[in-house]
Amino acid sequence: MTKTTPSGIRRPPITRWFVIESVVLVLVSLAFLAFRGQVSGYSALLGGLIFLLPHGYFALKAFRFSGARSAKQIMTSFYQGEAGKLIL
């Protein structure tokens, strides 16, 4: 269930999506390991982590604040999250 802010806008279910993406990553990596070999398995795992970690960092940074009073903080968080994602 998503958390509702005082303005009535629901926050995106970041944690739930991160867990779903992590489970899919592990399942795909195990499938590659089983059917294509060890190198393919850890390559799939590392490729998925290359995707998952920067996007998780961005999501955590970008959606920390909510509400009209926090507009400046929201924009700053988005910029910081995007910069951190590009660095990662």
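The values are calculated or read from the model by the stated rules, or taken from the named source; none is laboratory data. The structure presented is a predicted model; accordingly, all values stated were derived computationally and were not measured. Using ideal geometry, Cβ is built from the backbone for each residue, glycine included, and neighbour counts are taken over all protein chains shown.
Brief remarks follow.
- When Leu33, Leu45 are checked against the criterion of being over 22 Å from Leu88 (Cα atoms), aliphatic (A, V, I, L, M) and surrounded by 14 or more Cβ atoms within 10 Å (Cβ to Cβ), a single residue qualifies: Leu33.
- Of all residues making up the range 30-62, the number that are within 10 Å of Gly81 (Cα to Cα) and of a type in the set (A, V, I, L, M): 3
- Residue in the range 21-28 that is surrounded by 14 or more Cβ atoms within 10 Å (Cβ to Cβ) and within 11 Å of the chain's Cα centre (by Cα) present: yes
Table: residues versus (1) in contact with a Lys or Arg (Cβ under 7 Å, 6 or more places away or on another chain); (2) modelled with pLDDT under 95.
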{"site": "Met1", "(1), (2)": "no, yes"}
{"site": "Gly8", "(1), (2)": "no, yes"}
{"site": "Ala31", "(1), (2)": "no, no"}
{"site": "Pro54", "(1), (2)": "yes, yes"}
{"site": "Lys61", "(1), (2)": "no, yes"}
{"site": "Lys72", "(1), (2)": "no, yes"}
{"site": "Tyr79", "(1), (2)": "no, yes"}
{"site": "Leu88", "(1), (2)": "no, yes"}
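- Phe78 vs. criteria surrounded by 13 or more Cβ atoms within 10 Å (Cβ to Cβ), aromatic (Phe, Trp, Tyr) and free of Cβ contacts under 8 Å to residues at least 60 places away in the same chain: yes
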